[in-house]
There are 2 protein chains.
Amino acid sequence: MQMKTGVEQSIYAMLLLTFLPDKGVLPGEFISQQLGASPTYFQKLLRKLVHADLLMSVPGAKGGFRLKASPEQIRVFDVYEAIEGKQSLYASSGVFEDLMGIQNQNICLLSDLMAEAEQSWQSTLKRETIDSIRREIYLNCPPDHLTKLQSLIEEKMIRN
Amino acid sequence: MQMKTGVEQSIYAMLLLTFLPDKGVLPGEFISQQLGASPTYFQKLLRKLVHADLLMSVPGAKGGFRLKASPEQIRVFDVYEAIEGKQSLYASSGVFEDLMGIQNQNICLLSDLMAEAEQSWQSTLKRETIDSIRREIYLNCPPDHLTKLQSLIEEKMIRN
DNA sequence: GTATCGTGGACAATAGTTATCCACGTTATA
DNA sequence: TATAACGTGGATAACTATTGTCCACGATAC
């Protein structure tokens, strides 16, 4: 199994949008261009993020996307869940429970373990936020690159 | 993303094989029947388990499969890895690193976090063994069901 | 009114997973 | 020695999920 590439792209999209001044907005096509993603499909991902209340969308000319909440409030897990959905990594087929004659009892040989493993995975993703990653970027990126990106965004963004 | 059903089936296959007396062997077709899996595909899974040194196979008439190591030594994670392979859940595309001008430096915005999350997930799977699940089964299953299964296996198994 | 943007649905292409088949090597047994 | 039962590995097909495209539509700025 592999995480959808859409999760990575979405997290990066959120990070890009942290560069955006208040009341500014970025068109979906510009974002997908920066990430090298297919524009039409990436719009679908953006819509998922809107549905998950992570992004705000402004329709019409001069429209685009902006973060709905502050970067400190958006956990990496929120983005993950918005794209991947809420289904868990493992779902018991029930075959073995049948074989063992423990269908309706609350004994979950594997399920418990798998659920716990997934919890561990998720809790790591819940610990970090878009902001904590953004701070790392500010610390580690070459400043000239950072200002170049900043000015590119301010050039392409749309104020309301 | 979803875990392959083959992982679940393989773990159950390992559990079934713990019922097997020493020097006994179970044909792949019998195992797949018990698990309600497709016989031909399940053979492929069994071969992966053999390759991973979790199972021993005996060719020829009176052939079949048996555990290679003792159940205490086989971690749930080993089975998981044998079926899913060693690739990690997340692989950085590198697009964002390019965008940020940090291609070859050891800064891994997301990669670190994702690697840590996967570590947590895996460590839970490494904690439990086939034997620890087997013990739970012995504790929780109706004894009559257990003996019925035991005798079914002894009937179908092949001694060498 | 027109150009630009997001929205949602239908649909196609691609990739990954599951399933089937067959020719082959090995071994037990008649 | 022949034959039947089993695992092996490759080729290939069916199925499913993911990714990608297209279009008609509504909203908004100008």
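The values are calculated or read from the model by the stated rules, or taken from the named source; none is laboratory data. Quick caveat, the model's predicted, so the values are computed rather than measured. FYI the Cβ positions are ideal-geometry reconstructions off the backbone, even for glycines, and counts take in every protein chain you see. For accessibility, only protein heavy atoms count, side chains too; no ligands or nucleic acids. Shrake-Rupley method; radii C 1.70, N 1.55, O 1.52, S 1.80 Å.
Structural remarks
- Residues of region B:29-58 classified as under 22 Å from A:LEU109 (Cβ atoms) and assigned to a helix (DSSP H, G or I), total: 11
- Filtered residues of region A:39-62 (kept if surrounded by 12 or more Cβ atoms within 10 Å (Cβ to Cβ) and in contact with a strand residue (DSSP E or B) (Cβ under 7 Å, 6 or more places away or on another chain)): A:LEU46, A:LEU49, A:VAL50, A:LEU55, A:MET56, A:SER57, A:VAL58
- All of B:GLY85, B:GLY94 fail the test of being exposed (fewer than 15 other Cβ atoms within 10 Å of the Cβ), within 12 Å of the chain's Cα centre (by Cα) and away from DNA strand D (no atom under 11 Å from the Cβ), apart from B:GLY85.
- Being out of contact with any Lys or Arg (no Cβ under 8 Å at 6 or more places or on another chain), open to solvent by 50 Å² or more (accessible area, probe 1.4 Å) and aliphatic (A, V, I, L, M) is not true of A:ALA69.
- Any chance A:LEU26 is near DNA strand C (Cβ under 9 Å from one of its atoms), in contact with a Leu (Cβ under 7 Å, 6 or more places away or on another chain), more than 24 Å from B:ALA91 (Cα to Cα) and touching a residue at least 40 places away in the same chain (Cβ under 8 Å): yes
- The sole residue among A:SER70, A:SER88, A:SER92 that is away from every other protein chain (no Cβ under 14 Å) and away from DNA strand C (no atom under 13 Å from the Cβ) is A:SER70.
- Residues that are touching a helix residue (DSSP H, G or I) at 6+ places or on another chain (Cβ under 8 Å) and either more than 19 Å from B:ASP131 (Cβ to Cβ) or touching a residue at least 24 places away in the same chain (Cβ under 8 Å) (or both), drawn from region B:9-23: B:GLN9, B:SER10, B:ILE11, B:ALA13, B:MET14, B:LEU15, B:LEU16, B:LEU17, B:THR18, B:PHE19, B:LEU20, B:PRO21
- The set of residues in region B:83-122 being closer than 16 Å to A:TYR80 by Cα, at pLDDT 95 or above and either in contact with a strand residue (DSSP E or B) (Cβ under 9 Å, 6 or more places away or on another chain) or in a helix (DSSP H, G or I) (or both) consists of B:LEU113, B:MET114, B:ALA115, B:GLU116, B:ALA117, B:GLU118, B:TRP121.
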